[in-house]
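Report on the following structure.
The values are calculated or read from the model by the stated rules, or taken from the named source; none is laboratory data. Because the structure is a prediction, the values reported are computed rather than measured. Cβ: placed from backbone, ideal geometry, glycine included. Neighbour counts: every protein chain shown.
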Amino acid sequence: MFISGVFYPMSANLFSPINLRGITLANRIVVAPMCQYSAVDGVATDWHMIHCGQLSLSGAGLAFIEATGVEPRGRISPGCVGLWSDETEAALKRVVDACHLHGVTPLGIQLGHAGRKASAYAPQGGGGPLKPEDGAWETLGPSAIPFDDGWHTPKAMDRSDMDAVISAFVESAKRSARAGFVAAELHCAHGYLLSSFLSPIANRRNDAYGGDIQGRMKFPLEVFEATRAVWPEDKPLGVRMNGVDWDDRGLTIDDAIAFSKALVPLGCDFFDISGGGNSAQVRPDLGPAYQASHAAAVEAATGVPTMAVGMIRDPKLADSLIKDGSVSMVALARGLLYEPKWPWRAAFELGVEPPMPAQHGRGFPTKWRHAFPELMEAAE
């Protein structure tokens with residue numbers, strides 16, 4: 001059980017605790033992984049200490065650090081964090097130890113492999129595929145189909161490639177446990193390697209790992225099963241996956257439900273439902289909680305705690321998704337970059353107090369009422 005900092009009695013649904021295997025989260029708010037593109041050769045830097053430290057003070061129930069490459073060729077960009085060596089492990093352990101010592105929000109890790117979308121420039125460098133002179137590397141995919149025009153054509157994976165990737169996930173999971181992360185999720189969304197296997201847009205194989213969803217999910221299931229076998233029994237392991245590809249040619253909600261149902265007997269403890277990323281041409285219609293219906297469908301079909309993500313920035317909307325039983329958790333990403341103490345605002349608007357470090361207590365309106373007269377008057 002991991003609840004650090006000060007834990008307050010709470011009544012709002014969003015701020016009720018939830019059990020995930022052997023841990024208890026103080027509330028239903030999760031910080032979704034956000035790539036920072038600020039590592040050096042896969043090694044987390046002081047930037048990650050500052051960034052993750054901020055997340056650990058947010059008051060959310062759980063915060064996932066960014067997508068973490070399980071091998072060097074599995075990084076999206078040269079600046080992406082990795083976990084494949086003693087050096088990369090030590091760098092992340094330093095961050096985790098500090099955040100768990102001083103913060104109130106425990107850290108989880110997202111393990112991933114970028115697949116055919118690897119070997120790219122970071123967004124702040126313009127994005128797009130790396131040029132050879134800038135260190136481009138070979139990419140992998142279910143089929144030799146590039147993500148978009150001008151992108152690297154990936155190597156269609158053979159059995160030896162699959163075994164190597166599985167081994168990389170296994171070793172990275174072991175390192176994640178030693179580093180002290182309280183939870184982990186496998187990245188099966190957004191068109192990266194495991195997501196591309198699931199999608200008929202990227203997976204055109206004619207062997208046992210292609211075809212219908214039963215074939216397309218075979219390799220991601222193998223990765224999950226091998227990872228669960230080495231991940232600590234008392235720690236939750238979940239999956240971030242697409243509810244849909246937002247492309248009529250791609251993965252459907254029925255496919256997503258089939259995949260999620262297959263994961264349950266393998267020991268999947270939660271689902272994190274996002275979408276898109278397998279097609280460069282199609283974008284969803286954005287709006288508040290625009291992906292929540294897909295998360296609700298997965299939770300209804302599996303009975304496994306599921307989080308919704310995507311423009312859920314209104315505390316009352318977030319609370320209503322929990323209250324009506326649609327989902328068990330909500331995740332925020334950019335909203336927490338813009339407003340790092342969003343859980344505080346949500347708690348105040350819902351009439352409860354969030355987890356907070358003692359050093360920051362005087363910054364919450366009910367703790368220092370005369371400093372926030374306009375807020376207290378409006379609340380009363």
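What is the residue count in region 179-189 for residues that are part of a loop (DSSP other than H, G, I, E, B) and within 11 Å of the chain's Cα centre (by Cα)? Spell out the reasoning first.
Initial filter on region 179-189 (part of a loop (DSSP other than H, G, I, E, B)): 180-182, 189.
Right, trim to within 11 Å of the chain's Cα centre (by Cα) and you get 189.
Final tally of qualifying residues: 1.
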Inset, instruction - Please verify whether region 120-135 includes one or more residues that are farther than 23 Å from Met34 by Cα, more than 19 Å from the chain's Cα centre (by Cα), surrounded by 15 or more Cβ atoms within 10 Å (Cβ to Cβ) and at pLDDT 95 or above. - result: no
Legend entry - Whichever residue in region 197-209 is closer than 11 Å to Ser143 by Cβ and in contact with a Gly (Cβ under 7 Å, 6 or more places away or on another chain) and, among such residues, is surrounded by the most Cβ atoms within 10 Å (Cβ to Cβ): Ala202
Legend entry - In region 352-380, residue modelled with the highest pLDDT [restricted to those that are touching a helix residue (DSSP H, G or I) at 6+ places or on another chain (Cβ under 6 Å) and in a helix (DSSP H, G or I)]: Pro365
Legend entry - Number of positions in region 260-284 that are in contact with a helix residue (DSSP H, G or I) (Cβ under 9 Å, 6 or more places away or on another chain) and within 22 Å of Lys117 (Cα to Cα): 6
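Looking only at region 329-338, count how many residues are touching a residue at least 12 places away in the same chain (Cβ under 8 Å) and surrounded by fewer than 22 Cβ atoms within 10 Å (Cβ to Cβ). Explain how you work it out, then say what you get.
Within region 329-338, the subset touching a residue at least 12 places away in the same chain (Cβ under 8 Å) is 329-337.
Filter once more, keeping what is surrounded by fewer than 22 Cβ atoms within 10 Å (Cβ to Cβ): 333-335, 337.
Result for region 329-338: 4.
Results for (1) in contact with a Gly (Cβ under 6 Å, 6 or more places away or on another chain); (2) part of a loop (DSSP other than H, G, I, E, B), shown as yes or no for each residue.
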site: Gly211; (1), (2): no, yes
site: Gly215; (1), (2): no, no
site: Phe219; (1), (2): no, no
site: Thr227; (1), (2): no, no
site: Asp234; (1), (2): yes, yes
site: Gly250; (1), (2): no, yes
Inset, instruction - Might you check whether a residue that is in a strand (DSSP E or B) and modelled with pLDDT of 95 or more occurs anywhere in region 336-351? - result: no
Legend entry - In region 306-319, residue nearest to Leu237 (Cα to Cα) [restricted to those that are in contact (Cβ under 8 Å) with a residue 60 or more places away in the chain and more than 20 Å from the chain's Cα centre (by Cα)]: Asp319
Inset, instruction - Among the numbered conditions (1) more than 30 Å from Asp149 (Cβ to Cβ); (2) free of Cβ contacts under 8 Å to residues at least 12 places away in the same chain, tell me where Leu350 comes up short. - result: (2)
Legend entry - Filter result for Phe270 (farther than 18 Å from Phe219 by Cα, among the aromatic types (Phe, Trp, Tyr) and crowded, with 22+ Cβ neighbours inside 10 Å): yes
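Okay, residues lined up against (1) among the basic types (Lys, Arg); (2) touching a residue at least 24 places away in the same chain (Cβ under 8 Å); (3) surrounded by fewer than 24 Cβ atoms within 10 Å (Cβ to Cβ):
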position	(1), (2), (3)
Ala156	no, yes, yes
Arg159	yes, no, yes
Met162	no, yes, yes
Ala168	no, yes, yes
Lys174	yes, yes, yes
Arg178	yes, yes, yes
Ala183	no, yes, no
His187	no, yes, no
Ser195	no, yes, no
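Take the residues of region 317-328 that are in contact with a helix residue (DSSP H, G or I) (Cβ under 7 Å, 6 or more places away or on another chain) and in a helix (DSSP H, G or I): which is surrounded by the most Cβ atoms within 10 Å (Cβ to Cβ)?
Going through region 317-328, the residues in contact with a helix residue (DSSP H, G or I) (Cβ under 7 Å, 6 or more places away or on another chain) turn out to be 318-319, 321-323, 326-328.
From what's left, in a helix (DSSP H, G or I): 318-319, 321-323.
Numbers: Ala318: 30, Asp319: 20, Leu321: 24, Ile322: 22, Lys323: 13.
If we take residues in region 317-328 being in contact with a helix residue (DSSP H, G or I) (Cβ under 7 Å, 6 or more places away or on another chain) and in a helix (DSSP H, G or I), then Ala318 is surrounded by the most Cβ atoms within 10 Å (Cβ to Cβ).
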Inset, instruction - Select from region 101-123 the residues that are of a type outside the set (A, V, I, L, M, F, W, C), touching a residue at least 60 places away in the same chain (Cβ under 8 Å) and closer than 22 Å to Asn203 by Cβ and list them in ascending order. - result: Gln110, Gly112, His113, Gly115, Arg116, Lys117
Legend entry - Search result, residues across region 273-305 that are within 17 Å of Pro220 (Cβ to Cβ) and more than 19 Å from the chain's Cα centre (by Cα): Thr302
Inset, instruction - Would you please name the residue that is surrounded by the fewest Cβ atoms within 10 Å (Cβ to Cβ), looking only at residues in region 296-310 that are within 25 Å of Trp344 (Cα to Cα) and either out of contact with any strand residue (DSSP E or B) (no Cβ under 9 Å at 6 or more places or on another chain) or not aliphatic (A, V, I, L, M) (or both)? - result: Pro305
